[in-house]
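**Student:** Starting off with a structure, shown below.
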Amino acid sequence: MKASRGRRPLRDHARYGIIALSLLSSLLLSFPALAADWSPLMKRLIQDGFEEKSVQTLFSRNDVQFDPEPMATKMNELLRRSSPHPESSKRFVSREVHKRYLRSDMINKARVYLERNRSTLEQIRRTYCVPKEVVVSILLVETHLGANTGKRKAFQVLSSMALSSDLEQVRSFVPAGTIRADNEEYARTRCREKSDWAYNELKSLLEYSRINKTDPLAIPGSIYGAIGLCQFMPSNVFLYGVDADGKEGIDLFSIPAALNSIANYLHQHDWGCGIKKITGVRL
């Protein structure tokens, strides 16, 4: 469940989440791990108040490597969206939704999950007025009910994207023909913007790690650094995350916290108690 500036209708958030999942499956390429000069990023973090020794220790670890894939994939996605004929991608997304989720086996798994967590979901319905079917459906799309929280390290993804403010750092990893003379300036601008976005998400990830007393490099994430069973971007943890376990911090890898956080996210984006019924698949 990705962050956005301003509020958008619930259907837009759902569509963007499905687009991201579909593009992830269609655009993944094999990228090598590369050496990188992390010093500009380290300096920026230290200037923003992160403890110098901790930052240096973190980036000196052998498992911290530059990964060009997230920014290259994001550039490909953004340039495809900005093309004069984006409708084909919408048709592709529609096919992917039916192929992946509107199947009897997936719906049955969601029904079993709902029954297993019924008491938590009933409490959520009373608190946020979000039906249990909606919460479980979102979790199904985001992580296959928690089975897939990402194969990458969120720290490495966000650090790599934050370091990639210059399009030239990832140009050779973007599919040939995607960056052209008529969109190159747009690509450069969006690359800088996404780098700044990733930097702010990286700071939130480090804060999430500190509060939860977790090794930042041990937190799995998506290709763009979303974390947890509900796939929040790290900054959204502090906006919509719910500590449903009674512990210090918000553990989005905990089922109660993840389910409550999904409902709170919807509630904060204008899902109200007046919404009594939605159309679609019933679990």
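FYI, it's all coordinate maths here, none of it is from the lab. Just so it is clear, the model here is predicted, and its values are computed rather than measured. Positions of Cβ are generated from backbone atoms using ideal geometry, with glycine treated the same way; all protein chains shown enter the neighbour counts.
**Student:** So if I take the alpha carbon set of segment 72-224, get Rg, then get Rh from the Kirkwood formula, what is the Rg over Rh ratio?
**Tutor:** That ratio equals 1.05.
**Student:** Return a single number: how many Lys pairs in segment 144-271, at a sequence separation of 8 or more or on separate chains, have alpha-carbon atoms below 17 angstrom apart.
**Tutor:** Within segment 144-271, the lysine pair count is 5.
**Student:** Once amide H atoms are built 1.01 Å from N in the peptide plane, which residues 5 or more positions from ARG152, or in another chain, come under 5 Å H to H?
**Tutor:** GLY221
**Student:** Then there is this: Going by amide H atoms built from the backbone, whose H comes under 5 Å of the H on PHE232, apart from near neighbours?
**Tutor:** Correct list: ILE227.
**Student:** Let me ask something else. Obtain the nm distance between the two label points defined at VAL112 and ASP245 by a simple spin-label model: each point lies 7 Å from its Cα along the Cα-to-C-beta direction.
**Tutor:** According to this spin-label approximation, the distance is 2.4 nm.
**Student:** Taking the Cα atoms of segment 10-268 alone, what are Rg (to one decimal) and Dmax (as a whole number) in Å?
**Tutor:** 19.1, 57
**Student:** Amide H to amide H under 5 Å from VAL242: which residues, 5+ apart in sequence or cross-chain, H placed 1.01 Å off N in plane?
**Tutor:** Here the answer is SER261, since their amide H atoms fall under 5 Å of that of VAL242.
**Student:** If you take the alpha carbon radius of gyration of segment 153-260 and divide it by 2.2 N^0.38 Å, what ratio comes out, to two decimals?
**Tutor:** Cα-based Rg divided by the globular estimate yields 1.24.
**Student:** What list of ³J(HN,Hα) couplings, whole Hz, do you get for segment 250-265 from phi and the Karplus terms 6.51, -1.76, 1.60, once you set θ to phi - 60° and write x for glycine and proline?
**Tutor:** 10, 9, 6, 9, 8, 4, x, 5, 5, 5, 5, 5, 4, 5, 5, 4
**Student:** Figure the gain on full extension for ASP215 and GLN123 (residue separation times 0.36 nm, minus the Cα-Cα span) and round it to one decimal in nm.
**Tutor:** 30.0 nm
**Student:** Another question about this same structure. Using Cα pairs under 8 angstrom and six or more residues apart, how large is the relative contact order of segment 10-268, in percent?
**Tutor:** Relative CO of segment 10-268 lands at 21 percent.
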